[in-house]
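What follows is a set of notes on a single structure, which appears directly below.
The values are calculated or read from the model by the stated rules, or taken from the named source; none is laboratory data. The structure displayed is predicted, hence computed values, not measured ones. All Cβ positions, even for glycine, are placed from backbone atoms using ideal geometry, and neighbour counts span all protein chains on display. These accessible areas exclude ligands, DNA and RNA; they are computed on the full protein's heavy atoms, side chains included. Shrake-Rupley method; radii C 1.70, N 1.55, O 1.52, S 1.80 Å.
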Amino acid sequence: MDSSASKGMTLRSQAGVAYRFDPGALCLELLVTGGPGPYRRYEVLHEPADLAVWAERSRLTPAPVLEISEAEVADMRRLRDALFRVVIAHTRGEPHPPGDLEVINEAAARPALAPAIAPTGKRQWAGTPDGTHLAATVARDAVELLTGPFAHRIRTCAAEDCHLVYVDTSRPGRRRWCSMEHCGNRHKVRALRARHSEEG
């Protein structure tokens, strides 16, 4: 599980309001780019530039400068969709779909982004990283997450109309919302309104 940084991502609600979402793991950050079935309409990974932008906004530090091909974008979408189905099955306590596990494991077996020390003493990525290195890094992060100490803490946001998935890395392990400033706040407002209408 990569915890190089915990920038979190900026997402927009249906009303267009920006809010911070930190899913707690690199592989779960990929799930906000679209997904299988009904999530296809949220697709943002159409071309190499889209995947480069995602990598830049991800928790990878420093942001990798990648050479990405069209085929690698398609591979990343395939990995994301497989990961999506595996993670959802995991949160429901269902068996992981074997074909999807194969996709994740195949990607994880390839060379990942390799960290290096720049002449300045700062961290950089070795060589000329590409989309395959990025996919391998995401897939390895998924293996770490799904087999590691926080595997039982992968959850879907408690809001009925929200499908964001996160790993609860908080010490008490009581996180219920994708974001306190979005779904957590909406819940508080609804609870307050309900209380007022009961009192009224």
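Could you sort 24-35, 77-88 so that the peptide with the highest average Cβ count within 10 Å comes first and the rest follow in order?
24-35, 77-88
Under the 0.36 nm per residue contour assumption, what length would be gained going from the current alpha-carbon distance of Thr91 and Ala118 to full extension?
My answer for the length gained is 5.7 nm.
Starting from the Cα of Ala71, move 7 Å in the Cα-to-Cβ direction to define the label point; list residues of the range 128-165 whose amide nitrogen is under 12 Å from there.
In the range 128-165, the label zone of Ala71 (backbone N under 12 Å from the point 7 Å along Cα→Cβ) covers 132.
Per residue, how much accessible area does the range 8-142 show when a 1.4 Å probe rolls over the protein heavy atoms, in square angstrom?
Ligands and nucleic acids excluded, the result is 49 Å² per residue.
Karplus couplings for the range 63-74 from phi (6.51 cos²θ - 1.76 cosθ + 1.60, θ = phi - 60°), rounded to Hz, Gly and Pro as x?
4, x, 9, 10, 9, 10, 9, 4, 4, 5, 5, 4
Looking only at the range 1-141, where both bridge partners belong to it, what percent of the DSSP beta bridges are antiparallel (to the nearest 5)?
Here the share of antiparallel DSSP bridges comes out near 90 percent.
Taking the mean number of other Cβ atoms within 10 Å as a proxy for protection, how do you rank 90-102, 128-140 from highest to lowest?
Top of the packing list down: 128-140, 90-102.
All other residues with a Cβ under 13 Å from the Cβ of Pro36 taken together, and with Lys, Arg as +1 and Asp, Glu as -1, what is their net charge?
Charge balance in the 13 Å sphere: +3.
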